[in-house]
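See below for the structure under consideration.
The values are calculated or read from the model by the stated rules, or taken from the named source; none is laboratory data. What you are looking at is a predicted structure, and each value in this text was computed from that prediction instead of being measured. Please note: Cβ atoms are built from the backbone with ideal geometry, for glycine as well, and neighbour counts cover all protein chains shown. Each accessible area value is taken on the protein alone, full model and side chains, heavy atoms only, with ligands, DNA and RNA left out. Shrake-Rupley method; radii C 1.70, N 1.55, O 1.52, S 1.80 Å.
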Amino acid sequence: QVQLVESGGGLVQPGGSLRLSCAASRTTFSIYTMGWYRQAPGKQRDLVATVTTSARTNLADSVKGRFTISRDNAKNTVFLQMNSLKPEDTAVYYCYAANLYTTYTYWGQGTQVTVSS
């Protein structure tokens, strides 16, 4: 019964910052990749950032230089530090976890991030 629980979403003004956290519990497999995807109303769910066990990261071009992803392997927790937020960052952010070959994949329930003045 793997569970991913996100926290840290909210309302912030343009230029502000938020820090998202996601903790995986009840894992029965070795998590290789953790990360974040986001989905705005009427749009597809897109990659924001991922990080592997060895700390290799991938970030969407739209967030490079503004967002930083990190993880605590011992606690199966991933973080997303979001700086210089823009209105176009507004979306539901979903935590993601998978093993090496993605034979096991899990999604969190999502946390709302709204960037508005």
Scan segment 59-88 residue by residue and report those that are outside any strand (DSSP E or B), under 15 Å from M34 (Cα atoms) and at pLDDT 95 or above. A60
Residue that is surrounded by the fewest Cβ atoms within 10 Å (Cβ to Cβ), among those in segment 44-57 that are closer than 20 Å to G110 by Cα and not β-branched (V, I, T): Q44
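Looking only at segment 89-117, count every residue that is under 19 Å from A24 (Cβ atoms) and either among the β-branched types (V, I, T) or part of a loop (DSSP other than H, G, I, E, B) (or both) and tell me the total. Give the derivation first.
Kept after step one, since they are under 19 Å from A24 (Cβ atoms), are these residues of segment 89-117: 92-111.
Still in the list and also either among the β-branched types (V, I, T) or part of a loop (DSSP other than H, G, I, E, B) (or both): 92, 99-105, 108-111.
Qualifying residue count, segment 89-117: 12.
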Report, by residue number, each residue of segment 18-31 that is in contact with a strand residue (DSSP E or B) (Cβ under 6 Å, 6 or more places away or on another chain), open to solvent by 50 Å² or more (accessible area, probe 1.4 Å) and either in a loop (DSSP other than H, G, I, E, B) or hydroxyl-bearing (S, T, Y) (or both). R26
List the residue pairs whose Cβ atoms are under 7 Å apart, where the first residue sits in segment 80-104 and is farther than 14 Å from R19 by Cα and among the hydroxyl-bearing types (S, T, Y), the second is part of a helix (DSSP H, G or I) and open to solvent by less than 40 Å² (accessible area, probe 1.4 Å), and the two are 6 or more positions apart or on different chains. none
Which condition does T77 not pass, out of (1) surrounded by 13 or more Cβ atoms within 10 Å (Cβ to Cβ); (2) touching a Phe, Trp or Tyr at 6+ places or on another chain (Cβ under 9 Å); (3) within 20 Å of Q3 (Cα to Cα), if it passes all the others? (2)
Which of (1) in contact with a helix residue (DSSP H, G or I) (Cβ under 7 Å, 6 or more places away or on another chain); (2) open to solvent by 40 Å² or more (accessible area, probe 1.4 Å) is the odd one out, the single condition V115 does not satisfy? (2)
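On the basis of being within 14 Å of the chain's Cα centre (by Cα), open to solvent by 60 Å² or more (accessible area, probe 1.4 Å) and among the β-branched types (V, I, T), does T68 make the cut?
On the way: within 14 Å of the chain's Cα centre (by Cα): yes; open to solvent by 60 Å² or more (accessible area, probe 1.4 Å): yes; among the β-branched types (V, I, T): yes.
Against the criterion (within 14 Å of the chain's Cα centre (by Cα), open to solvent by 60 Å² or more (accessible area, probe 1.4 Å) and among the β-branched types (V, I, T)), T68 qualifies.
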Given (1) open to solvent by 30 Å² or more (accessible area, probe 1.4 Å); (2) under 16 Å from T114 (Cα atoms), identify the lone condition not met by A40. (1)
